[in-house]
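The structure under discussion appears below in the form of structure tokens.
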């Protein structure tokens, strides 16, 4: 039997019923498209994921990339995946026509990326990086850079990367010290070390284009002195063709999971001959890079949701087939055993997985729609969408990532001992998904970003907007008998969130350390409330569709979704209480203690 | 630098200050011992763990057991570990003198087992199984069986196992169908398959002694028709020496972690010539086996706490040394970076790890002390201890196991990208510890055992006893300014637990499925409350010791422990609220839904 890894029905339900993706075709930018195009694109993505991505998932895990004298050998399927990604227009799908793209909505492309990531997370990462890197060049690069590099990247022949992290700096980007010295001939000489660079070197692409942060001598210290450079592995030689650009891969990491993609250590300019090209303005590099970082943060959230989806369907299929035990109400051992899905505790675990998968994906598509509106919408809605997207990015990155660990772990649990063994996919998915709270900004950093910056930007305008949107959803279902109890629960949770937020600012005064000590818990609370909002939106669509007397298969899907909504409101939302209690204390327990208290 | 994996100071604090292990030497059974012996034993265990267990932890993970034509090759260190385990008296330490043991208290042996498991979980499992299997034989076996098998097992030459699970039955033991046909010559002919048998075959022992469940033809169906057999891999030949007993290892599992120990598939009696010896009474096999199962359940909880301990000290040492970023209050990028332990969010994660490690270990030692009193105590206290041990076993198994996944995951998070790589120990520990909610009865099964059986045995006598003990701890610290706020929090949580328990029974009426639908959440709630009790007990000892004006190192340890207690009460205990809210609903959401609701 073909292994299932996502639900096409659910994806379409979220796209069309909940988030009204059709409405995007009314925007001038997307006027050439209609739902039929979208469906064709989704079908093609599903075929590709099934035929090309999924079949090599286990193989790519068991045959990790190998480092050998400066190069990295990856699974041969990667080259084919990149080739088809270019040829089929997947890498460039949401680029405008004039950059060779198909001008598809971000929302639809996000749905296709979700399918690929669910089929084979590692394999889908390569092209995702290239897309975001190419977009960064088109956004801020000079016309010549765009023309020289972007077409090759979008064709799948050249790999794009994001080269931020350095050994001495880690997450502390103000400590980046790679140097970029202007040469006068239109380029900079780059010198420095980068670590943890995904796809920073491999043999499935003909060239690698690094988008790297570096410091021009004389620039201010800290983040205000960082510039963005395009640093190719191979550069154009004076006499034509390509020549080495003094970029060296010095090693790769052996990782818990996510083994199909190499994470590399890079050295720029060991021989003093590494050329980089300034992208955008001097000393504005970090601000520019945030475009790619934010795009990648959503991609990480999506990757986590996708792995959770693959885990959910693997657990579900096991639970439907594996006979074991008997109902508690009739334990007669002479009767045959029942499939374990008959046990309420197994159903609870499945509902948890489904609640995480469908709640996370709903939020990610919500963010994608905001990205569409922010990019191509009109007037006030354009600005609002940008603000909401900015506010929700840390949540869309973190909720799926943190909950993905738990939901994949529950999925593994459903299989019992088999879940722990490599004959079933759960153990790999459990290893793969553990990367997500780490890369593209750890959960701790996302929490500080949300509570320390995002909720108070423009006097809290984005936060206010979020509350308005969620309360509007509450208001719309008032009086609907089925939905009203859940609307009330969401309303209460929104009050709690608002109250906790203002309480924290009041108690902390100006003391940042007190304010942010429990920012991770704040992010968790905000995440649960946000997903509750997304579940209420799904509930509205469920009731509407059920009222239309759907066929049996749709009815099962919708009734199941309704129970998943109930699960979320009855089992997940109550977690807000404990979190709120702790956050209201804001007693600085972790602030007012020394390293010596960990000694003995 | 030698890698640290546990705290000797903490272990002694829990043993002597909190649980008053000295008092055990007043029991006649332990009258030969004193604290000096205990300390010598602990020191010797620490040396052995450091010199023998820890050095091969990574190697055993990277060189998994290999299956080859019926035998399983394991790491050569295992034979040496078993040899020293026998020679040093570790395998038999808590056996009575007349079985060749040292008659050491279970409490002290538990502490030594914790040290071994923290040093190398897989390596420590072999001997632990042998100890429990040998005890099962001495408890229920005929004198001849004891004399024939137990000395060889306690010497480390022969391995013991626990052979319950079968392919068609899994956790459903009533479906065990291995057959045992009486031969008339003092043995039974055994025929059947067993799966997931830890250390069921390997080349580090000269023989393997399986304690296996099987069914004698004509016995009642279900669990009341199961008997316990000793089934050796090699049996005594008529002419002297050993000969094969028609026991075949048919394969091993490739696992996520816990890779140093083989988990095997076994086939008994393929050639009709496998002899087994009845242990205890016919058809009472499962009841007998529960002795070993319960011992192993505590061992699993301890293994989880031990892995969490190794993870905690690895994270702590990284956090103390790794410079990155600056305090939020002074982010001047021209200043040097600070070690990450200076960041409150990192301290929060470390406190979480420490709270789990020290809370779990405290409960496990509490249970070990109950085991001592149940085995060797006097009069009423003997009976009470047995009841409390029985009640708390599912919690002592599950809390460390479930929280171990989370705390090891947080430990990995502290290392950022490095946590995900195999140059640091966190990724292995994260893989290793994932087994614990699965083996020796899944978390779901423990929940049903606790809520469905343990809390109502003897009209809830054990539960009542537990509440009395915890409330006595609350009562004792009333009026102590530092402890009183925490005593109050525990008191409230105990009320919640009591209220939820009776509420569930009331609402469910006789409907087992409604009662037990959320038994896993009930177990989680009960676990948090139990650990809060153990933290309050630790708090009492902390205040007492601090009042005695300790030296600087002890003071740091005690102040750190106090903050960990605060962490537990401020961050962990509030989780009870959300759990209680859900449990009080008892709406049967997961009961009243069909498999079709997972279709689409």
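Details
- Residue check for residue B:502: at pLDDT 95 or above, in a helix (DSSP H, G or I), more than 28 Å from the chain's Cα centre (by Cα) and surrounded by fewer than 23 Cβ atoms within 10 Å (Cβ to Cβ): yes
- Scanning region B:147-163 turns up no residue that is touching a strand residue (DSSP E or B) at 6+ places or on another chain (Cβ under 8 Å), part of a loop (DSSP other than H, G, I, E, B), over 27 Å from residue B:67 (Cα atoms) and in contact (Cβ under 8 Å) with a residue 24 or more places away in the chain.
- Among (1) in a loop (DSSP other than H, G, I, E, B); (2) away from chain A (no Cβ under 14 Å) - the single one residue B:308 does not satisfy: (1)
- Flag for residue B:286 being part of a helix (DSSP H, G or I), facing chain A (nearest Cβ under 10 Å), at pLDDT 95 or above and over 26 Å from residue A:428 (Cα atoms): no
- Test: residue A:358 is more than 10 Å from chain B (Cβ to nearest Cβ), in contact (Cβ under 8 Å) with a residue 24 or more places away in the chain, part of a helix (DSSP H, G or I) and over 17 Å from the mean Cα position of the chain (by Cα): no
- Exactly one residue among B:319, B:314 is out of contact with any strand residue (DSSP E or B) (no Cβ under 6 Å at 6 or more places or on another chain), more than 10 Å from every other protein chain (Cβ to nearest Cβ) and closer than 30 Å to residue B:436 by Cα, and that residue is B:314.
- Residue that is nearest to residue B:52 (Cα to Cα) [pool: residues in region B:88-112 that are in a helix (DSSP H, G or I) and in contact with a helix residue (DSSP H, G or I) (Cβ under 6 Å, 6 or more places away or on another chain)]: B:112
- Looking only at region B:553-562, residues that are facing chain A (nearest Cβ under 7 Å) and either under 26 Å from the mean Cα position of the chain (by Cα) or closer than 20 Å to residue A:347 by Cβ (or both) come to 2 in all.
- Among the residues of region B:62-90, just one is within 30 Å of residue B:374 (Cα to Cα) and touching a strand residue (DSSP E or B) at 6+ places or on another chain (Cβ under 9 Å), namely B:82.
Conditions (1) over 25 Å from residue A:293 (Cβ atoms); (2) at pLDDT 95 or above; (3) buried (at least 22 other Cβ atoms within 10 Å of the Cβ), marked per residue:
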site	(1), (2), (3)
A:367	no, yes, yes
A:370	no, yes, yes
A:375	no, no, no
A:386	no, yes, no
A:392	no, yes, yes
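- Test: residue in region A:585-592 that is in a helix (DSSP H, G or I) and farther than 30 Å from residue A:17 by Cα: yes
- Tally of residues being within 28 Å of the chain's Cα centre (by Cα) and part of a loop (DSSP other than H, G, I, E, B) across region A:220-255: 4
- As a summary of the residue check, residue A:272 satisfies the conditions (1) touching a helix residue (DSSP H, G or I) at 6+ places or on another chain (Cβ under 6 Å); (2) in contact (Cβ under 8 Å) with a residue 24 or more places away in the chain; (3) surrounded by fewer than 24 Cβ atoms within 10 Å (Cβ to Cβ) except for the one numbered (1).
- Sole residue being touching a helix residue (DSSP H, G or I) at 6+ places or on another chain (Cβ under 8 Å), modelled with pLDDT of 95 or more and more than 7 Å from chain A (Cβ to nearest Cβ), chosen from B:571, B:522, B:567: B:522
Yes/no matrix, rows are residues, columns are (1) in contact with a strand residue (DSSP E or B) (Cβ under 9 Å, 6 or more places away or on another chain); (2) at pLDDT below 95; (3) more than 30 Å from residue A:196 (Cβ to Cβ):
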{"position": "B:413", "(1), (2), (3)": "no, no, no"}
{"position": "B:427", "(1), (2), (3)": "yes, no, no"}
{"position": "B:430", "(1), (2), (3)": "no, no, no"}
{"position": "B:453", "(1), (2), (3)": "no, no, yes"}
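- Members of region B:17-28 found to be buried (at least 16 other Cβ atoms within 10 Å of the Cβ) and either assigned to a helix (DSSP H, G or I) or within 25 Å of the chain's Cα centre (by Cα) (or both), listed by number: B:17, B:18, B:19, B:21, B:24, B:25
- Residue B:62 being farther than 25 Å from residue B:160 by Cβ, surrounded by 15 or more Cβ atoms within 10 Å (Cβ to Cβ) and either at pLDDT below 95 or within 14 Å of chain A (Cβ to nearest Cβ) (or both): no
- Identity of the residue in region A:574-600, more than 7 Å from chain B (Cβ to nearest Cβ) and free of Cβ contacts under 8 Å to residues at least 40 places away in the same chain, that ends up nearest to residue B:350 (Cα to Cα): A:594
- Only helices (runs of 4 or more DSSP H) whose full extent lies in region B:385-494 are considered here, and the ones with at least 3 residues that are more than 14 Å from every other protein chain (Cβ to nearest Cβ) are B:457-477.
- Which listed residue, of A:85, A:170, is surrounded by 20 or more Cβ atoms within 10 Å (Cβ to Cβ), in contact (Cβ under 8 Å) with a residue 40 or more places away in the chain and in contact with a helix residue (DSSP H, G or I) (Cβ under 9 Å, 6 or more places away or on another chain): A:85
The values are calculated or read from the model by the stated rules, or taken from the named source; none is laboratory data. Here the structure is a predicted model, which means the values were calculated and not measured. Note: ideal-geometry Cβ built from the backbone for every residue, glycine included; neighbour counts use all protein chains shown.
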